[in-house]
Every structure is written in structure tokens, then in C-alpha cells.
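Can you keep this structure in mind? I'll have questions shortly.
The values are calculated or read from the model by the stated rules, or taken from the named source; none is laboratory data. In this text, all values refer to a predicted model and were calculated from it rather than measured experimentally. Cβ sites come from the backbone with ideal geometry, for glycine too, and all protein chains shown count toward neighbours. Just so you know, the surface numbers come from the protein's heavy atoms only, side chains and all, with ligands and any DNA or RNA stripped out. Shrake-Rupley method; radii C 1.70, N 1.55, O 1.52, S 1.80 Å.
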Amino acid sequence: YKFEEYFGADVLNMEFLIPYALQLSILLILAEIMLGVMLLFGVKAKLTIWCLAGLTLIFTFLTWYSAFYNKVTDCGCFGDAITLTPWETFYKNIILILVIAFLFWRRYDIHSFISNKLAYGATTILGIIFIAIMIYSLRHLPVIDFRAYAIGKNIPQGMVIPEGAEESIYEDTWIYKVDGIDQEFTTDQKPWTIEGATFVDRKTKLIQKGYEPPIHDFTMEMDGEDLTDVLLQKDKLMLIVAYNLEKSNNNGWPRIKALADKANLNGYSVYCFSASTQASYEVIKEQYDLEMELLFCDETTLKTIVRSNPGVVIVENGTITQKKSWRDTDQVIID
């Protein structure tokens, strides 16, 4: 998802690479973790350090670009486990460059603490394990869920803003036409009090970000009506999450259909939860004879809730109790 953001027209303007974002992200993740393993075991030390230096320099530039131009506000380096601002990520990369520079200086002193045969063998085995974990996570769901929508998390509680929490600070710049010339004013200057001044525009800039609850931008809308509070009080709620119905896996819908029918018989309120239009849903609904209504939510939020498209989320009184990929619908417990 971060690659897609970076490749977007308003960032690097390399939209032709967006269809390959998943493959490139897999290669990057595997390269980063394997270079770390190779460094630890002293395998091909000089080559490893050169590769680390190249990757770090590239991402130092990207994080500087993101921070300076406020393009991608979260690089996604550590997923949802650790969230860093663009500037924090940039400074982290500067530290890494200094460390890599030291390693490059001492590159001839890097040797494996075990035999070369064992070092190569351990590196290969770990590489296979990492690839297996990635395949499993792609086909099912991540092994560990660090997100605010993990099993056991209560959605209403995650949206609460504590009393006395720090509020965001914004700065407004007012543009008024005075004597035929557009001029900028601060709020303190109260340009609207100037005789003959005509309002042109207002620009708002975030000066300091305040407290943001773990769960935000979460809504459950139907025909423009917000049903969030009502639905999160239900003790049997099944959400079929598909951030984009046109991109959803067609092999998943027959399994989703069978599970949804079973859930309906057991008293569950079943909804399709998507950012797609009603027209797009009607195509899927008719094709697979689905008996559920469509709820609308922001696409980014839906991607955060569950990676599978479609995926299944069971909610009891606002608490997420089960979450499965469409491939694992047979493991969903319906009672």
C-alpha cells in the first residue's frame, strides 16, 4: 500500500509501477531481512554492506522527500507495530547511514562466528522460513496483528479521545482582495474587518498534530446514514470486508456466500463492508446471490481492518472476536 502511495501521481508520478507494487514490496522486504541475516552471519560481507548502503540511501531520499513535501505521512517501515513520522524515519535513516559507514570502514574485519558452511546453510534455511511466512500471510492473514482492529480490540473504545488530550494546532492564512490586489493575512490581523476587502481563499496548515485515537475514520454508512453506534451494539455482527469489490478475489465469494447464509440462519446481522459503490455491489450480489446489505467505509480504513479481499470479521458488542481470510471461512465459528 505504501508503494502504491509513493508511485502515485502526486508523489513520484510512476503510476505504471502500481500494478507491480505487491511484487516489489515482497522483494524489498525479503531483501532487507536477508541482508540483515547475511550481515549477522558474515556472509558476503562487502556485497551485503554495499547493498545495505544503496537501499538506505534510496530510502533516506524518499523519507526526506516525504517529510519535506508532506507527501506520504507514514512510510510503513515497521507496519503498524511502530509508527514513525516522516521526519523520525528520515533521522532513523541518517543514523543507519552512519552505522553502515562504520561497517564499511571495518568491512575487512567482518567474519562469520561459525564456519562458512554453517553460515550459508543457516542463511538459506532462514530465507526459506521467511518466504514461507510471507506466503502464509498473503494467502491467509498476518501471523501477528499489530493493528487497532486486532482480535480482542473494542472498536468504540479505540475511538475514544481521553479528556484533556492534546489538540491539533492549525494556522490559517487568509487571502483577501484589497484595492484590487490579493494579499495574505493572519487570523490576528482580522482581514474581514478591512473596509472594502473581499474574501478570496483560506489556507489551513497543520502546525502540531494532537492526540489521534487508534481507531479513526471508522464509519458504517448506508444510504448516507451513519449506523456505527447501532451496529456496534449488536452481539452477532458479521462484516464481509472488501475494500474494493472490483479487485476482490472471485474465488472467495462462493465461500463467503455459504458462510453468510449459515450466519443468517444463526441470527447474525451480515453486511458487506466496502468502499465500492452500490452499483458495483449489485453486480457481485446478483452474481453470487448474496443476502446482505452494503455498508460504506473509507478504503484505507478497510485495508487496515483486514488484508484479505474479501475477508470476514465477527464483532460482538463492538469487540472483534474473529477475523479470517476468505480462504479460511471454514474456520469461522458460528454459534
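Restricting to region 69-115, name every residue that is under 14 Å from L40 (Cβ atoms) and open to solvent by 90 Å² or more (accessible area, probe 1.4 Å).
Of everything in region 69-115, those that are under 14 Å from L40 (Cβ atoms) and open to solvent by 90 Å² or more (accessible area, probe 1.4 Å) turn out to be H111, F113.
Also: Quick check on my filter: what residues within region 136-171 are outside any loop (DSSP other than H, G, I, E, B), open to solvent by less than 90 Å² (accessible area, probe 1.4 Å) and at pLDDT 90 or above?
Of everything in region 136-171, those that are outside any loop (DSSP other than H, G, I, E, B), open to solvent by less than 90 Å² (accessible area, probe 1.4 Å) and at pLDDT 90 or above turn out to be S137, N154, I155, P156, G158.
Being free of Cβ contacts under 8 Å to residues at least 24 places away in the same chain, of a type in the set (A, V, I, L, M, F, W, C) and either part of a helix (DSSP H, G or I) or open to solvent by 90 Å² or more (accessible area, probe 1.4 Å) (or both) narrows it down to one residue among L52, L27, L57; which is it?
Selected residue: L27, the only one of L52, L27, L57 that is free of Cβ contacts under 8 Å to residues at least 24 places away in the same chain, of a type in the set (A, V, I, L, M, F, W, C) and either part of a helix (DSSP H, G or I) or open to solvent by 90 Å² or more (accessible area, probe 1.4 Å) (or both).
Still on this structure: Among V241, V283, which is surrounded by 14 or more Cβ atoms within 10 Å (Cβ to Cβ) and either of a type in the set (A, V, I, L, M, F, W, C) or on the phi > 0 side of the Ramachandran plot (or both)?
V241
Can you spot a residue in region 11-19 that is modelled with pLDDT under 95, within 23 Å of V306 (Cβ to Cβ) and out of contact with any helix residue (DSSP H, G or I) (no Cβ under 7 Å at 6 or more places or on another chain)?
yes
Could you look through region 179-203, keep only residues that are open to solvent by 100 Å² or more (accessible area, probe 1.4 Å) and in a loop (DSSP other than H, G, I, E, B), and pick out the one that is modelled with the highest pLDDT?
Going through the qualifying residues, I end up with K190.
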